[in-house]
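Notes for the one structure printed next.
The values are calculated or read from the model by the stated rules, or taken from the named source; none is laboratory data. Quick caveat, the model's predicted, so the values are computed rather than measured. Here the Cβ is made from the backbone with ideal geometry for all residues, glycine too, and neighbour counts use every protein chain on show.
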Amino acid sequence: MAGGHVDLRTGAAQVLPEFDVCIVGAGPAGIALALALAASPLRIGLLEAGGTAPQATPQVDIVGRPYAGALRSAGIGGSSHLWGGHCVPLSAAHLGRRTWVPGGAWPFGLAELLPWYARAHELLQLGRFDYDATAAAAGAGARLMPPLEGFETTVSRYQPIDFAERYGAALRRAPNLSVLLHGRAVELVQDAGGRIDGLVIRTGAGRRLTLRAATYVLAAGGIENARLLLASRSRRAEGVANGTGLVGRNFMEHISYLSGTLVPGRAWDVRGNLSAYAAPLPCDGHSIRFHLAATEALEQRLRIPGYRAELHVAPLLRWAGRHVLRPASPAMRARALREIAARPVAAMRALAGARGAPWCLRLLNFVEQVPNPDSRVMLSERRDAHGEPIAAVDWRLSPADREGIARAQAALAASVARAGIGRLLRELPEEKDELLAGAAGGWHHMGTTRMSAEPGRGVVDPQLRAHDAPNLYIAGSSVFPSGGWANPTLTIVALSLRLAAHIEAQARPVIRVAS
């Protein structure tokens, strides 16, 4: 078996060769790692539960709070099939120690990630690594808001690459890389010394095979990485790499919450002046878009997690009319009526369906979730059709998550008023017991195999090696100790490239591939 794709459903794959490195999962994390190692003398096996086309992933039970973000995609390319292409790096502040975000500090800072971010930009076709919003606005001819106290304009880059389409041919061409299709990892077999001695695979045809390698890397996502470790119970009841009991815990999302309306003052035309915030702009083969984010100083002063808001243009009176006719609360009805009273002529035109209704900016808040051990991925009592345990997700938000949004919006409302832009109408529920009703996630599954310098505080070390299994590494956002407000894919790819360099430096090839 020398390179190419192997369908494990066929009888030809009864016995698998030994690899130097086995990577579980062919999404952005696994493909970035495999491509980086393809230039090495190591023999690489890339295991994918699906095939060459996207397909539904294994079932997940949702317990507790409703959560629609567990959707993933199997097949070469993984969740890049569902990805909007949003790329932005984590900030130095969000990587560092914040006393109000317990356990959220990363074991290294931004300087460690910068060279890998630059290389990730090449893989993601994003051009030069540069996130200076002022320079980006000048290059795009965009007009930014005047300075807002406590807030800054940030720029994000968008390049929705389908990793299967973009890198499928490269995976096939690599002579030292075998892509094993239709094989779901069901158990890591650990020896008495803690090393992983084999990986049990269930094929699409229902057969079970054992794959062996010198080094194993889990890159199957924040839900499946945790599920596989917890389900690997042949030697220890708690599973593999779970001596601390932290596998599956601290499941984090980016809280997506539509709440708040920026009503512009007379001097501001939303569609003309602030279009850079409301829609993507072309930039060197990809797109850029501007957002508002709380500054490090404001987060520190208010003791809140990371806060970012996307701005979306909407007709103001359509918004107001909805809240008058179907108000979320008496306070929302009162606010909408006050807005109509302040603009009666525009209100009459809007309600009559005429053109010329004033425009507003709706805030889609993307907020960092504080690490919470009670928010977790665990094994369900139910099993799939082949008798394997499925994952259960218990997504829990804390008062700190709600207060982060509330305090950030209060500060933003004051800043908008001082700057003369207009008014921010706040819509958070008045009842604090109703914790962010309607809040969703961003399909960002973070924290379930968290990174830590100290073995007792995490699952993997700063090099992403499992504390309890010396030849097991974990890639992807499941290793994030905290998530900031940045979408995770750019950091996922950067960490995979960093891991590839470490593995190549440490590994001793079983079989060297002829050049």
Restricting the search to the stretch 353-371, which residues are crowded, with 19+ Cβ neighbours inside 10 Å, of a type outside the set (Val, Ile, Thr), at pLDDT 90 or above and under 17 Å from the mean Cα position of the chain (by Cα)? ASN365, GLU368, GLN369, PRO371
So, in the stretch 229-254, of the ones that are surrounded by fewer than 24 Cβ atoms within 10 Å (Cβ to Cβ) and of a type in the set (A, V, I, L, M), which residue ends up farthest from GLY484 (Cα to Cα)? ALA237
Single residue of GLY438, GLY458, GLY483 found to be within 24 Å of ILE62 (Cβ to Cβ), at pLDDT 95 or above, outside the structural domain of LEU258 (by TED's automatic domain parsing) and not polar (S, T, N, Q): GLY483
For the structure I just gave you, tell me whether GLY420 is at pLDDT below 90, in the same structural domain as THR261 (by TED's automatic domain parsing) and of a type outside the set (Asp, Glu). yes
Taking the criterion of being farther than 29 Å from GLY84 by Cα, touching a helix residue (DSSP H, G or I) at 6+ places or on another chain (Cβ under 7 Å) and assigned by TED's automatic domain parsing to the domain that holds CYS22, would at least one residue in the stretch 134-152 satisfy it? no
Pull up the stretch 227-278, narrow it to residues that are part of a helix (DSSP H, G or I) and among the small types (Gly, Ala, Ser), then point me to the one that is modelled with the highest pLDDT. ALA231
Only one residue in ARG184, ARG172 is within 29 Å of the chain's Cα centre (by Cα) and farther than 21 Å from ALA475 by Cα, so which one is that? ARG172
Enumerate the pairs (first residue in the stretch 303-322 and at pLDDT below 65; second residue anywhere and among the aromatic types (Phe, Trp, Tyr) and buried (at least 17 other Cβ atoms within 10 Å of the Cβ)) with beta-carbon separation below 7 Å, excluding pairs fewer than 6 apart on the same chain, so at least 6 apart or on different chains. LEU316/TRP359
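Could you pull out every one of the strands (runs of 3 or more DSSP E) wholly within the stretch 110-223 that has 2 or more residues that are without any contact (Cβ under 8 Å) to a residue 12 or more places away in the chain and surrounded by fewer than 22 Cβ atoms within 10 Å (Cβ to Cβ)? Walk me through how you get there before you give the answer.
Numbers: elements: 151-158, 177-181, 183-190, 196-203, 208-211, 213-218.
Fully inside the stretch 110-223 and qualifying: nothing.
Residue-wise test of (1) touching a Leu at 6+ places or on another chain (Cβ under 8 Å); (2) of a type in the set (Val, Ile, Thr).
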| site | (1), (2) |
| --- | --- |
| ALA135 | no, no |
| ALA138 | no, no |
| THR153 | yes, yes |
| SER156 | no, no |
| LEU171 | yes, no |
Might you let me know whether the stretch 194-210 holds any residue that is within 30 Å of ASN372 (Cα to Cα) and at pLDDT below 95? yes
